[in-house]
Structure formats: structure tokens, C-alpha cells
């Protein structure tokens with residue numbers, strides 16, 4: 001099958017959606033499919049071999065300039081090439097990009113307007129590009145926030161378009177008015193332009209059908225999958241201290257502050273052994289003060305010496321970090337539809353303690369690799385963590401079950417196989433008269 005797979009780059013940030021898209025595209029290529037992984041906005045960054053195309057469409061610099069000045073909407077394309085070059089985009093976004101919905105709400109709505117927005121030139125350039133390329137059997141978009149591309153691409157190629165939704169609701173819910181209502185209205189008005197939608201969890205599928213008005217027959221679930229190479233249970237000597245870990249983006253919604261409060265609760269109990277709180281993950285410039293505030297709190301509580309932030313980790317560092325932990329928690333303050341880091345922890349035999357919300361209940365049910373506790377409750381989180389220390393046999397049983405469960409339910413091979421099933425089904429339904437579309441032979 002020939003697949004045109006759009007992905008949205010996040011500059012220098014390790015983005016869960018980028019990691020998922022790249023892993024899926026790489027596995028589809030390994031299985032013999034002809035895949036073009038095409039970045040939008042910025043080049044992608046992954047912790048595995050990057051299989052995305054070098055060229056960037058809807059270049060982040062052009063998109064921004066066109067939003068703020070009519071001059072750039074009519075600039076000759078020869079000049080556009082200067083700041084659409086991947087090296088230039090990387091240079092300008094090297095210190096991080098602004099992804100705060102409070103700040104880029106207007107830009108988001110403009111892109112959702114498609115040809116009627118300030119980025120109409122970028123849409124024209126994208127359509128010219130897709131017409132020049134070999135026609136795929138199917139096209140997939142990475143977010144509902146890019147749903148305005150669906151109809152023009154479908155009309156240009158006469159091929160079905162699928163939209164994967166992986167966390168759009170968090171961004172949308174943090175947009176200020178009137179942008180929030182307008183963005184939702186624009187997305188809902190374009191649902192018919194998409195032949196099928198993919199959610200990354202059962203929770204997300206149920207929620208999105210109601211939130212965005214997606215018909216149930218158009219919604220398909222393709223659970224997350226990870227490349228398991230290098231992941232596994234570490235049987236070497238562990239630290240003499242009980243290592244409680246956090247691995248996720250450092251941001252308020254990811255809940256590191258809740259884990260710190262739970263840790264304080266634990267350290268006030270007489271039955272916890274010498275321990276440390278280990279954190280790692282991408283830290284954007286907009287959240288440096290958030291981490292600084294956590295450090296101040298830990299110092300006020302007399303726990304500064306027991307807290308360590310390891311920074312951003314590449315793949316090898318990430319695996320070593322996870323394998324060093326006794327327990328891991330990423331206590332999100334919202335209904336997380338993905339939870340990639342939780343899967344990665346379990347893949348390394350680390351039991352997890354997660355809030356009973358979003359996709360976490362189905363992950364724990366499918367794998368048996370952890371405990372669920374009340375959300376937004378540091379005391380409940382502390383109880384869950386402590387129970388694993390008090391019952392080593394339980395911790396080992398959960399760690400073993402999680403390691404095996406991720407391999408059984410959340411491998412990248414399984415994700416790729418399910419994706420092809422969905423593509424084939426959508427292609428069959430979308431073809432005239434219900435006849436299956438004819439896959440083109442790869443050259």
C-alpha cells in the first residue's frame with residue numbers, strides 16, 4: 001500500500017505524537033509498504049531513526065509570518081524558500097517553540113479556515129506538491145487541528161483521507177474565547193470531509209465522538225505501539241534507595257507537582273525506606289519557572305537533596321533511566337488519551353501507579369502492569385506507591401505482567417497491522433459504489 005503520512009513537527013521537542021508517527025511509519029516501511037512521512041511546520045525530532053522527508057510543508061516560519069503580516073502572504077515563493085529550509089527552521093526554533101494555546105489561538109483558527117485563512121498560500125503550495133508526487137492509496141493527517149487540509153487533498157488526489165486525533169482536545173480546551181468556540185465549530189463543520197478517524201485509545205474514541213460530533217461508524221481505534229528493541233526487565237543490582245520516577249514532559253498538566261506532594265506525604269511516614277524522586281523529560285522555556293517552583297517547594301520541605309531532574313533523555317538514556325526505577329508515575333491532571341511514557345515504563349518491567357482517568361484504566365487492564373488511584377489526590381498516590389514498597393511480591397508481579405502485557409498489546413508491529421486494517425476498511429467504504437480502491441504498485 002502506498003501511504004502519504006503527514007506528521008506535525010515540534011522543532012527541538014521530543015513530542016509523543018511525533019514519536020508515535022515516526023515509529024508507525026518506520027514499521028510500515030519495514031513491513032513492505034511505500035510510506036512518505038511528510039513533516040508539517042518543522043522537521044521532526046525522534047529518539048529512533050527518523051524516516052521523515054527532509055522537506056517541510058506549511059513551514060513554521062512562513063505560517064507565523066503570514067499570520068501577522070499581509071506582506072508575507074504575497075511574498076514570491078522564491079523568497080519563501082529561504083525560511084522554509086529545514087536548517088533555517090531548526091535554527092529559529094532551536095530554543096523551543098511556542099505551543100501555548102493561549103498564545104497561538106488566532107493562528108490555529110486561521111489554519112482551520114483553510115483557503116479562507118491567512119495561510120492560503122501554504123495550502124496552495126502543499127496541493128501543488130501532492131499533485132506532483134506519486135498518487136497514494138490513502139492519506140493520513142496527524143491532528144483534527146489540520147482538518148482543513150482534508151477536503152482539498154481528497155479532491156486533488158481522489159483518494160480517502162484519514163485523520164488521527166491524539167490529544168487535540170487538551171489544546172482546544174486551553175484556547176481562550178472566542179477562539180475556542182470558533183475552532184470547535186470549524187472542526188465540527190469539516191467532519192464530513194474526512195473518510196475516517198483514528199483514536200489512539202478506547203477512551204479517546206468514546207470521548208471524541210461526543211466532543212467533536214464524529215459518527216461512530218467513522219471512528220476507529222489503533223492503540224499506541226512502541227518499538228520494543230532495547231526495552232526489557234533489568235535484572236542487575238538496584239540502588240539501595242527506593243527510586244520513585246517521573247518521565248514525561250515537564251508541564252503542570254503532566255502532574256510532577258502532584259508526585260512531589262505525594263513524595264512529601266511518603267517521607268512523613270515512618271515506614272518508607274531511604275528514597276529518591278527521579279524526574280526526566282522535555283522542559284520547554286515556558287515551563288522553566290514551573291520546575292523552579294517545584295525545586296523551591298522540595299527545598300522548603302527539606303527534600304531538595306532527594307529530588308533530581310535528569311533533563312531531556314535520548315532513547316538509550318531513557319531506557320537506562322526507566323530500568324533504574326522501582327516505580328513510575330505520571331499523574332496527569334487531565335484525561336490523558338495516550339500515555340506513551342507509561343507504556344515505556346511497563347515495557348521495562350517497572351510497575352506504574354496512575355490516576356484512574358483517560359486511557360490509563362484500559363492500559364492497566366490490558367497489561368496488568370500497575371495500580372490505579374484516585375486522580376488529583378497526592379495522598380492516594382502516596383498510598384499506591386507505598387503499597388508496592390510494602391509488598392515486593394506484588395511489585396514484581398505487576399512489573400512482570402506489564403512487561404509481557406506491553407509486548408502482547410502495545411507493540412509497534414501490532415499498531416502497524418491494525419493501521420493497515422483501518423486503511424483497507426476506509427478505502428473500501430470510500431471508493432465509488434463501495435468497491436475497494438486499487439492499491440498502486442510501489443516502484
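The table that follows gives values for the structure above.
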| item | result |
| --- | --- |
| Cα-based equivalent ellipsoid of the stretch 1-155: semi-axis lengths in Å, sorted from largest, via gyration tensor | 24, 19, 15 |
| Normalised contact order of the stretch 237-371, rounded percent, pairs of Cα under 8 Å and 6 or more residues apart | 28 |
| Size-normalised alpha-carbon gyration radius of the stretch 242-409, reference 2.2 N^0.38 Å | 0.95 |
| Footprinting exposure proxy for 204, 275 (fewest neighbouring C-beta atoms within 10 Å first) | 275, 204 |
| Highest to lowest packing among 160-168, 206-214, 54-62, scored as the average C-beta count within 10 Å | 160-168, 54-62, 206-214 |
| Peptide ranges 388-400, 352-364, 41-53, 408-420 listed from the most packed, as the mean C-beta count within 10 angstrom indicates | 352-364, 41-53, 408-420, 388-400 |
| Per-q log10 I(q)/I(0), the chain, q = 0.07, 0.11, 0.12 Å⁻¹ (Debye; single scatterer per alpha-carbon; no solvent) | -0.36, -0.87, -1.02 |
| Value of relative contact order over the chain, rounded to a whole percent, pairs C-alpha under 8 Å and six or more apart | 15 |
| Ranking of 181, 240, 329 by count of other Cβ atoms within 10 Å, fewest first | 240, 181, 329 |
| Descending principal axes extents, the stretch 99-195, alpha-carbon based, whole Å | 40, 24, 22 |
| Order of 80, 335 - criterion: other Cβ atoms within 10 Å of each residue's Cβ, fewest first | 335, 80 |
| Taking the stretch 265-336 and dividing mean pair separation by its residue count, relative contact order in percent (alpha carbons under 8 Å, at least six apart) | 38 |
| The stretch 183-264 pair-distance distribution - Cα-Cα, 10 Å bins, rounded % | 13, 25, 27, 21, 11, 3 |
| Potential lengthening between residue 376 and residue 424 on full extension [0.36 nm per residue; Cα-Cα distance subtracted] | 13.2 nm |
| Residue-averaged 222 nm ellipticity for the chain, from DSSP H runs of 4+ at -39500 (n - 2.57), nearest 500 | -13500 deg cm²/dmol |
| Cα centroid of the stretch 1-55 to Cα centroid of the stretch 193-209, whole Å | 20 |
| Rounded D (µm²/s) - the stretch 289-375, Kirkwood Rh over Cα pairs, Stokes-Einstein at 37 °C, 0.692 mPa s | 230 |
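No lab work stands behind these numbers, since they all come straight from the coordinates. Since the structure is predicted, the reported quantities are computational estimates derived from the model, not experimental observations. Quick reminder, even Gly has a Cβ in these numbers, built from the backbone with ideal geometry, and neighbours come from all protein chains shown.
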